[in-house]
Amino acid sequence: MSIYATLWQLKFPRYGDAHTGCDWIEVKAQGVPAHIGSPDEDPEDLYAAFLPPAIPVPPDDSAQVMRAVVFVAEGTPKGTTRSPQEYVNPLLVLSGREYATVTFEQLHELVCRALRGHRPRLVAEVWGAGGHGQLFFEDGSATNIQVDDG
């Protein structure tokens with residue numbers, strides 16, 4: 001049984017920056033309910049090594065706040081030597097409170113930054129005749145690209 005519940009799945013630019021002809025990858029938001037590892041249910045908290053701290057769960061569960069939300073790209077394996085429930089190299093892990101207060105714009109930037117990794121951010125895309133273009137990055141580098149019509 002999994003500790004995760006899929007909250008949503010969206011496509012993001014594979015390398016964090018959208019441009020003409022870029023590849024896209026599916027990213028899932030995997031929610032961990034507040035009761036997972038809570039002191040009421042699990043005095044040892046088997047998930048403390050890879051999730052934010054457990055939060056107290058009100059008796060009526062009125063808070064509806066997740067313990068954590070883990071963001072993973074398609075194909076990310078689950079299961080490590082530490083725990084079969086841990087994702088290998090998740091893109092991002094937020095506490096439930098962080099997830100509840102972040103705007104979509106902020107979340108989009110966090111996920112794109114994680115997908116970008118150590119690569120510089122795309123700042124411009126310029127196109128000329130014949131489907132030839134260039135991508136310009138914040139570090140001053142550029143890459144030639146071409147889009148096929150068919």
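Contact order, relative form, for the range 1-142: 21 percent (alpha carbon pairs under 8 Å, 6 or more residues apart, mean separation divided by residue count).
GNM remark for the chain: springs join alpha carbons under 10 Å apart, and the peak mean-square fluctuation among 84, 120, 33 falls on 84. Rounded to the nearest 20 debye, the dipole size of the chain about its Cα centre is 280 debye, using +1 on the Cβ of Lys and Arg and -1 on the Cβ of Asp and Glu.
When N counts the residues of the chain, how does its alpha-carbon radius of gyration compare numerically with 2.2 N^0.38 Å, as a ratio?
Ratio of Rg to 2.2 N^0.38 Å for the chain: 1.32.
Considering only 95, 83, 38, the Gaussian network model of the chain with Cα springs below 10 Å gives its largest mean-square fluctuation to 83. On a 0 to 90° scale, report how tilted helix 104-116 is relative to the longest principal axis of the chain, with both axes built from alpha carbons and the result rounded to the nearest 10. It is inclined by approximately 70 degrees.
Give, in nm to one decimal, the length gained when the segment between residue 26 and residue 142 is fully stretched (0.36 nm per residue of separation minus the Cα-Cα distance).
39.1 nm
Only helical runs count toward this figure. For the chain, summing -39,500 (n - 2.57) over DSSP H runs of n ≥ 4 and dividing by all residues gives -3500 deg cm²/dmol at 222 nm.
Readers should treat all values here as calculations from the given coordinates under stated rules, not as data from a laboratory. As the structure is a computational prediction, the values presented were derived from the model and not from experiment. Cβ coordinates were reconstructed from backbone atoms using ideal geometry, including for glycine residues, and neighbour counts include every protein chain displayed.
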